[in-house]
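Participant: Sending over a structure as structure tokens; questions will come in a sec.
The values are calculated or read from the model by the stated rules, or taken from the named source; none is laboratory data. Since the model is a prediction, treat every value here as computed from it, not as a measurement. Ideal geometry is used to build each Cβ from the backbone, glycine not excepted, and the neighbour counts take in all protein chains shown.
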Amino acid sequence: MHTIVDARVIISCPGRNFVTLKITTKSGVYGLGDATLNGRELAVASYLTDHVIPCLIGRDARQIEDIWQFFYRGAYWRRGPVTMTAIAAVDVALWDIKAKNANMPLYDLLGGASRTGVMVYGHANGNDLDETIAQAKKYKEMGYKAIRLQSGVPGLASTYGVSKDKLYYEPADAAKPTENVWSTSRYMPTVPKLFAAARETLGWDVHLLHDVHHRLTPLEAGRLGKDLEPFRPFWLEDATPAENQAGFRTIRQHTTTPLAVGEVFNSVWDAKQLLDEQLIDYIRTTIVHAGGISHVRRIAHLAELNNVRTGFHGATDLSPVCMGAALHFDLWVPNFGIQEYMRHTDETDAVFPHAYTFSKGDLHPGTAPGHGVDIDEALAAKYPYRPASLPVNRLEDGTLFNW
Ligand code: EZ4
Ligand code: CO
């Protein structure tokens, strides 16, 4: 009854590429896991099809932990985004099956709801300060309690986070990476101005966030954090690349602005020092890129010991399947902070019918058994894969930089 009899990878591009794993057991119950790694989708698809699925068929779907350990330890080559995304897809699909068999929403299986809803932040963006503030006003009118502000930088043709489509930001805009130009000195003075204008227009009864997207040095990030302190930001996101976790010590020494990092992390080891030394306030690893519920749960618990709350990544490249699973986790996890929520397009939502809903600035995962997200395979088949890459940044003198 619980034997895994089928596992398949479904690739679909309803506006952007998504990789979904569907696992079916002998009794006919199936579960879905997101396996989307933006710009590297086919690598994960191959990892699953060529290396994981042949070892999955015939296993007992109830043994989530054993299966997780098998694919983690069994690869010998531990960690890395491709491996951990593939493992996450398996893990989430198995939790979906377990919760469906228990006839419970996933959050009940995890330990039950700890709150009535999951506070999310929206992504207000514009080419300049005025346009960004106007967008932020719209988010406030839609009921958002938290808004991330991302504005174009004068003198730079394009910048992370600024989108033509406004509500539906998708950075993977071409088959081969688009080249953008970056200048830290042009960028730095724009952010405090943006926050000053936002406080003046939106007031203080709303949380304001900003994503640096890994483009500052620790010292620069410390300075920006200090400049933003008068405006009480909720957080400064991904201020500096965090391969060198000790860099966050420098930021901490210079500012009380709360720090969030980790959307590119794929393991607890990426965050160990940050958590042990309480160098951050929010951990951004999410279900799909960090080994699924079974592993992110460990990260969240270690974070809790160190006064760090969760603030999961939730951009459009994390499919509704990941969003559904993340929302169940968020509703349960004791040290929840906030959840990123970039809206999917209508095409994406149609391919992935889901139980989660938005109301008054919160998302709720719904009460359907499992994680509450399905896939319409016939519709998915109408959107074939299209190669798409994330952009790269170069400094004004041509040096390749962080995007
Ligand atoms: O650039 O998910 O906080 N959100 C982000 C995202 C990332 C994309 C990369 O695939 O930083 O917009
Ligand atoms: Co980010």
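Participant: Of the residues that sit in region 8-30 and are within 17 Å of Cys55 (Cβ to Cβ) and buried (at least 24 other Cβ atoms within 10 Å of the Cβ), which one is farthest from the chain's Cα centre (by Cα)?
Facilitator: Our first condition is that a residue be within 17 Å of Cys55 (Cβ to Cβ); within region 8-30, this holds for 8-9, 21-25.
Adding the requirement that they be buried (at least 24 other Cβ atoms within 10 Å of the Cβ) leaves 21, 23.
Numbers: Leu21: 18, Ile23: 23 Å.
Ranking the candidates gives Ile23 first.
Participant: Turning to a different aspect of this structure: With the checklist (1) within 25 Å of Thr316 (Cα to Cα); (2) not in a strand (DSSP E or B) in hand, flag the one item Met1 doesn't pass.
Facilitator: (1)
Participant: Right, another one. What tally of residues in region 235-256 results from selecting those that are surrounded by 24 or more Cβ atoms within 10 Å (Cβ to Cβ) and more than 19 Å from Tyr160 (Cα to Cα)?
Facilitator: 1
Participant: Among the listed residues His364, His371, His328, His313, which satisfies the condition of being surrounded by fewer than 24 Cβ atoms within 10 Å (Cβ to Cβ) and under 17 Å from the mean Cα position of the chain (by Cα)?
Facilitator: Working: His371 fails: surrounded by fewer than 24 Cβ atoms within 10 Å (Cβ to Cβ); His328 fails: surrounded by fewer than 24 Cβ atoms within 10 Å (Cβ to Cβ); His313 fails: surrounded by fewer than 24 Cβ atoms within 10 Å (Cβ to Cβ).
Step by step, each of His364, His371, His328, His313 is checked, and only His364 is surrounded by fewer than 24 Cβ atoms within 10 Å (Cβ to Cβ) and under 17 Å from the mean Cα position of the chain (by Cα).
Participant: Across region 110-140, which residue is surrounded by the fewest Cβ atoms within 10 Å (Cβ to Cβ) among those that are hydrophobic (A, V, I, L, M, F, W, C) and either under 22 Å from the mean Cα position of the chain (by Cα) or not assigned by TED's automatic domain parsing to the domain that holds Phe358 (or both)? Let's see the steps before the verdict.
Facilitator: Here is the first cut: in region 110-140, the ones hydrophobic (A, V, I, L, M, F, W, C) are 110, 113, 118-120, 124, 129, 133-134, 136.
Narrowing further to those that are either under 22 Å from the mean Cα position of the chain (by Cα) or not assigned by TED's automatic domain parsing to the domain that holds Phe358 (or both): 110, 113, 118-120, 124, 136.
Details: Leu110: 19, Ala113: 16, Val118: 26, Met119: 19, Val120: 22, Ala124: 28, Ala136: 28.
It comes out as Ala113.
Participant: Okay, moving on. Any idea which of (1) on the phi > 0 side of the Ramachandran plot; (2) surrounded by fewer than 24 Cβ atoms within 10 Å (Cβ to Cβ) is the one Leu279 doesn't satisfy?
Facilitator: Single failed check for Leu279: (1).
Participant: Turning to a different aspect of this structure: I'd like to know if region 46-56 contains one or more residues that are outside any loop (DSSP other than H, G, I, E, B), among the aliphatic types (A, V, I, L, M), closer than 19 Å to Asp173 by Cβ and away from ligand 2 (no atom under 16 Å from the Cβ). Even if it seems obvious, please write down each step before you answer.
Facilitator: At the first step, the residues of region 46-56 found to be outside any loop (DSSP other than H, G, I, E, B) are 46-56.
Among the residues that remain, those that are also among the aliphatic types (A, V, I, L, M) are: 48, 52-53, 56.
Adding the requirement that they be closer than 19 Å to Asp173 by Cβ leaves none.
The answer is no, given that none of the residues of region 46-56 is outside any loop (DSSP other than H, G, I, E, B), among the aliphatic types (A, V, I, L, M), closer than 19 Å to Asp173 by Cβ and away from ligand 2 (no atom under 16 Å from the Cβ).
Participant: Then there's this: Go through Ser151, Ser158, Ser183 for me and flag whichever is under 22 Å from Gly225 (Cβ atoms) and either touching a Pro at 6+ places or on another chain (Cβ under 6 Å) or within 16 Å of ligand 1 (Cβ to nearest atom) (or both). Spell out the reasoning first.
Facilitator: Numbers: Ser158 fails: under 22 Å from Gly225 (Cβ atoms); Ser183 fails: either touching a Pro at 6+ places or on another chain (Cβ under 6 Å) or within 16 Å of ligand 1 (Cβ to nearest atom) (or both).
Exactly one residue qualifies, and that residue is Ser151.
Participant: Please find, within region 322-347, the residue that is nearest to Ala300 (Cα to Cα) out of those that are out of contact with any helix residue (DSSP H, G or I) (no Cβ under 7 Å at 6 or more places or on another chain) and assigned to a helix (DSSP H, G or I). Can you show your working first?
Facilitator: Filtering region 322-347 down to residues out of contact with any helix residue (DSSP H, G or I) (no Cβ under 7 Å at 6 or more places or on another chain) leaves 323-324, 327, 330, 337-338, 340-343, 345-347.
Now narrow it down to the ones that are assigned to a helix (DSSP H, G or I): 323-324, 327, 330, 346-347.
Working: Met323: 17, Gly324: 18, Leu327: 14, Asp330: 10, Asp346: 32, Glu347: 33 Å.
Going through the qualifying residues, I end up with Asp330.
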